[in-house]
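Q: Here it is: the structure, laid out below.
The values are calculated or read from the model by the stated rules, or taken from the named source; none is laboratory data. None of these values were measured; they are calculated from a predicted model. Note that we place each Cβ from the backbone using ideal geometry, even for glycine, and neighbour counts take in every protein chain shown.
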Amino acid sequence: MQKLDSIIAGLRKDGYRITPQRVAILDYILSSESHPSAEELHEFIKKKHPMVSLATVYKTLELLKEKNLVRELKFAGGARYDANVARHVNLVCVSCGRIEDMEHSLLEQLESDVARKSKYSVLGSKFELYGYCSQCQKEKLPR
């Protein structure tokens, strides 16, 4: 995967150690569309690297946040992590907790309009829509 290789090269260039655990964390979060929590990442990584600590996962996530390689999404149930740092909408299911990304061309226009009308210098946005995913609609909502 090119993106993983380029991230590793960039971290190495910046003087960070590239451990097998760090590579496994990076690989999982980049390939996952589930927006995992630190605990979910830890459980997955432990299967291949049993000695990895939760602290290592948190330290790696902090580094990735600093480098703007992941975005932390804070919810009442805890933080989840998203490797998609481009403008997008997070669709959050209020029933099962699933989070899906959706690209939408109007986000840039919305930011621009809000900046113009408010006189703010908008640096970025985090946009979440809450509802029921298609699976939960089938299972839980009356027809």
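Q: Could you tell me which numbered condition Cys93 fails, if it satisfies all but one of (1) of a type outside the set (Lys, Arg); (2) within 13 Å of the chain's Cα centre (by Cα); (3) closer than 16 Å to Tyr130 by Cα; (4) crowded, with 17+ Cβ neighbours inside 10 Å?
A: Answer for Cys93: the failing condition is (2).
Q: Looking at region 66-81, which of its residues are closer than 27 Å to Ser6 by Cα and either in contact with a helix residue (DSSP H, G or I) (Cβ under 9 Å, 6 or more places away or on another chain) or assigned to a strand (DSSP E or B) (or both)?
A: Across region 66-81, the qualifying residues are Lys67, Leu69, Val70, Arg71, Glu72, Leu73, Ala79, Arg80, Tyr81.
Q: What tally of residues in region 114-143 results from selecting those that are part of a loop (DSSP other than H, G, I, E, B) and of a type in the set (Ser, Thr, Tyr)? Show your work before the answer.
A: Within region 114-143, the subset part of a loop (DSSP other than H, G, I, E, B) is 119-126, 132-133, 141-143.
Subset that is of a type in the set (Ser, Thr, Tyr): 120-121, 125, 132.
So the answer is 4.
Q: With the structure loaded, tell me whether Gly77 is more than 14 Å from the chain's Cα centre (by Cα) and within 23 Å of Leu41 (Cα to Cα) or whether it fails that test. Spell out how you get there, then give the answer.
A: Details: more than 14 Å from the chain's Cα centre (by Cα): yes; within 23 Å of Leu41 (Cα to Cα): yes.
Yes: the conditions hold for Gly77.
Q: Report whether or not Asn84 is of a type outside the set (Ser, Thr, Tyr), assigned to a loop (DSSP other than H, G, I, E, B) and out of contact with any Lys or Arg (no Cβ under 9 Å at 6 or more places or on another chain).
A: no
Q: Just one of the numbered conditions (1) out of contact with any strand residue (DSSP E or B) (no Cβ under 8 Å at 6 or more places or on another chain); (2) not in a loop (DSSP other than H, G, I, E, B) is not true of Leu107; which one?
A: (1)
Q: Another question, then. Go through region 1-23 residue by residue and tally those that are surrounded by 11 or more Cβ atoms within 10 Å (Cβ to Cβ), under 18 Å from Asp82 (Cβ atoms) and of a type outside the set (Lys, Arg).
A: 2
Q: For Asn84, are the conditions met, namely being assigned by TED's automatic domain parsing to the domain that holds Leu30 and of a type in the set (S, T, N, Q)?
A: In short, no.
Q: Please identify the pairs in which a residue from region 46-58 that is under 13 Å from Ala24 (Cα atoms) has its Cβ atom under 9 Å from the Cβ atom of a residue that is charged (D, E, K, R) and outside any helix (DSSP H, G or I), counting only partners at least 6 apart or on another chain.
A: Pairs that qualify, where the first residue is under 13 Å from Ala24 (Cα atoms) and the partner is charged (D, E, K, R) and outside any helix (DSSP H, G or I): there are none.
Q: Can you tell me which residue within region 96-143, out of those that are of a type in the set (A, V, I, L, M, F, W, C) and within 19 Å of the chain's Cα centre (by Cα), is nearest to Ser37 (Cα to Cα)?
A: Ile99
Q: Additional query: Just to check your reading of the model, which residue among Glu43, Glu108 is surrounded by fewer than 16 Cβ atoms within 10 Å (Cβ to Cβ) and modelled with pLDDT of 95 or more?
A: Of Glu43, Glu108, the one residue that is surrounded by fewer than 16 Cβ atoms within 10 Å (Cβ to Cβ) and modelled with pLDDT of 95 or more is Glu43.
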